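The values are calculated or read from the model by the stated rules, or taken from the named source; none is laboratory data. Quick caveat: nothing in here was measured; it's all calculated off a predicted structure. A quick note on method: Cβ atoms are made from the backbone with ideal geometry, for glycine too, and the neighbour counts reach across all protein chains shown. Heavy atoms of the whole protein, side chains included, go into the accessibility calculation; ligands, DNA and RNA do not. Shrake-Rupley method; radii C 1.70, N 1.55, O 1.52, S 1.80 Å.
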Amino acid sequence: MEKRIQGATKLLDGSLERCFVDGLEHRDAKVIYNCLRAYAAIDNTSSAEELFRTTVVSPLIQKIVPQNYARAVAGASSDELEEDYQQIKACVEKDCKFILEISSSENSGLHVFDFLGNSILKEVLSAIQKGKPGAFSPGKPKEFLRNYKVSLGFLDFLEGYCFSKSAVTKLRYEPAYTDFMRQWNVGVYFSLRFQEIAGGLDSTLTNTFSPTGLNEAQQKPLLLKQSIKLLESLDSCWSDEVLVFSHCDKFLRLSLQLISRYTTWLSCGLSARKASDRSPNSPADAEWALSIPIEDFIYIMHDVHAVIGELSESGSFIGHVNQSLGSCPIEVFNLVKGSILQAAEPLKELLPAIMDVMIGIIVKKSNEDLKHLKGITATYRMTSKLPVRHSPYVSGILHPLKVFLEGDRMHYLSEDDKTKLCRGSANKITATYYDLVSEVVTVARKTESSLQRLRQGAQRRVGASTDASDSIISDTDKICMQLFLDIQEYARNLRAIGIDAREIDSYRALWQCVAPKDR
């Protein structure tokens, strides 16, 4: 019986195959329908799907996709798939639609066939693998992404022929469909894009600190190449030429890492400059900040404000991300937006540090002139000379601040930052001024007290009167008189840059330290 059954089966398969092939060649819907019913009845749907693939689909696809790879390599064909898919879609519409309609008709019992996956998609995958294997290679990211996106579009086209959601689900679980998707190694593609984008930013950050220049910068919202590269890198993550929607979470993580890298670069540089750390152990990220002039920190302040604005809720970057995630639920976008806003917070915290560095540089330059204050003691020690005008050093105390405020880059700072810079510098310079004056006066008084005790002791030993010395102006008084004239001139200099000296606590202490007793 076994041999007889095998013979009958072979005879049935052969007859059914010839009948089905004849029906396909003549587009005889009735014959095709009856053959499909027979294949379904004997549970041999795979044979019908394979026959349709080899008889109808394969000859059509081979005309579109070159099967000779050597010919493709020689330049007769590129690895681009978009035009091929357009032709394949036209062939499906013209030469395959008839059997798809027959197999999906209601109450036909033919829904067990999957000509979309096991015939059309299977043949398309085979043709690309043989004729254009480079199309699947992520080594050329731009070409890979274009091919990947048009391939997803082709799958959407095929799913359009599914008569229900369950049919779409069934198609997606077919081996041909999963094999097709497995060819697209999006993970490797993302790794290459990560190296390209993150590496590009890192290279720019580790290169020489480079302002774009005044003329060029006037046409751009950003002034530093490092800042420009950051925003270009962020935009790249979400551009149509780079983003893979299924990997949005990875591109979001990359975006946050880019912001963090830029923030770390700034933070290390500012910390090193503030500490004046020029040791060999300084981080590589700090080298740029150790030698740049103070004027370049104006660019940094401007750019950090600009980057924060771009990353704010109303900034263009979040709008760009929103556009890319247009098909996502609002809850998803809100989470993405929240993570970007949170990533920008450390940048905001750097603004006071940038201001402190600029103020520190100005104060350091001012201290060079303040050091001359100690020479007043030697000028009035043991001499009858009386002070009549302020000391020459006073004019130089605020000179570094004035020069900075009058610089041609100040228009890049906001009015609020200018005010903070001016007042912050004046406060610290005045505090240093008070410390030096207090030290000079204290030392002078101690010295005067010691000398007076010595004189009184000597006078008592010789029986001389001590009253005559009371009418003589002491060295300490002369020093305080000179310092009094100096701080009056200093107050006028402060007023010239728009600061009322009386509003500075250390200036009031300075006044009390040297003002005449009968003020």
Self-check item: Charge context of L413, other residues only, Cβ under 14 angstrom, K/R +1, D/E -1
Solution: -4
Quiz item: Just how far, in whole angstrom, is segment 292-347 from segment 237-258 if you go by their alpha carbon centroids?
Solution: 15 Å
Quiz item: Put +1 on the Cβ of every Lys and Arg and -1 on every Asp and Glu Cβ in the chain; which of G160, L421, I504 then has its Cα farthest towards the positive end of the dipole?
Solution: I504
Self-check item: Sites K446 and S314, calculated FRET efficiency, Cβ-Cβ separation with R0 51 Å, nearest 0.05
Solution: 0.25
Quiz item: Tell me, what is the FRET efficiency for R381 and I497 to the nearest 0.05, using R0 = 45 angstrom and their Cβ-Cβ distance as r?
Solution: 0.85
Practice problem: Taking the dipole about the Cα centre of the chain, with the C-beta of Lys and Arg at +1 and of Asp and Glu at -1, give me whichever of S255, A491, S438 is farthest to the positive side. | Solution: S438
Practice problem: Can you grab the distance from the C-alpha centre of segment 392-420 to the C-alpha centre of segment 111-125, Å, no decimals? | Solution: 75 Å
Exercise. Sticking to Cα atoms, compute the Rg of segment 188-358 to one decimal and its Dmax as the biggest Cα-Cα distance, whole number, in Å.
Key: 16.6, 52
Quiz item: Is any helix in the chain, taking whole DSSP H runs, at least 24 angstrom long along its axis by alpha carbon and on average at least 0.0 on the Kyte-Doolittle scale, and which ones?
Solution: 186-206, 248-275, 330-370
Exercise. Calculate the dipole size of segment 15-184 relative to its Cα centre from +1 charges on Lys and Arg beta carbons and -1 charges on Asp and Glu beta carbons; express the result in debye to the nearest 20.
Key: 360 debye
Self-check item: Pair V332, K130: separation of 7 Å Cα→Cβ label points (nm)
Solution: 3.8 nm
Self-check item: Longest exposed-site-free window of the chain, the sites being chymotrypsin sites (Phe, Trp or Tyr not before Pro) in a DSSP loop that have at most 14 other C-beta atoms within 10 Å
Solution: 174-519
Quiz item: Is there a pair in K10/K130; K140/K250; K250/K337 whose C-alpha atoms are over 24 Å apart, and which pairs would that be?
Solution: K10/K130
Exercise. Identify all lysines with a Cα-Cα distance to K364 below 26 Å; exclude those on the same chain that are fewer than 8 residues away in sequence.
Key: K274, K348, K374, K402, K418, K420, K428
Quiz prompt | the chain: calculated mean residue ellipticity at 222 nm from DSSP helix runs of at least 4, using -39500 (n - 2.57) | solution = -21500 deg cm²/dmol
Quiz item: Quick one: with all protein chains in place, what share of the accessible area of the chain is carbon or sulfur, to the nearest percent (1.4 Å probe)?
Solution: 52 percent
Self-check item: Cleavage-rule hits (trypsin sites (Lys or Arg not before Pro)) in segment 1-66: DSSP loop, at most 13 neighbouring Cβ within 10 angstrom
Solution: R27
Quiz item: Do any trypsin sites (Lys or Arg not before Pro) in segment 358-414 lie in a DSSP loop with no more than 11 other beta carbon atoms within 10 Å, and if so, which?
Solution: K385, R389
Quiz item: If the cut-off is 20 Å between C-alpha atoms, which aspartates and glutamates fall inside it for K132, apart from same-chain ones fewer than 8 positions away?
Solution: D79, E80, E82, E83, D84, E123, E143, D179
Exercise. Quick one: accessible surface of S316, probe radius 1.4 Å, all protein chains present, in square angstrom to the nearest 10.
Key: 70 Å²
Quiz prompt | Built amide H within the under 5 Å cut-off of L224, gap 5+ | solution = T212
Quiz item: T169 to E93: extension gain in nm, 0.36 nm per residue of separation minus the Cα-Cα distance?
Solution: 25.2 nm
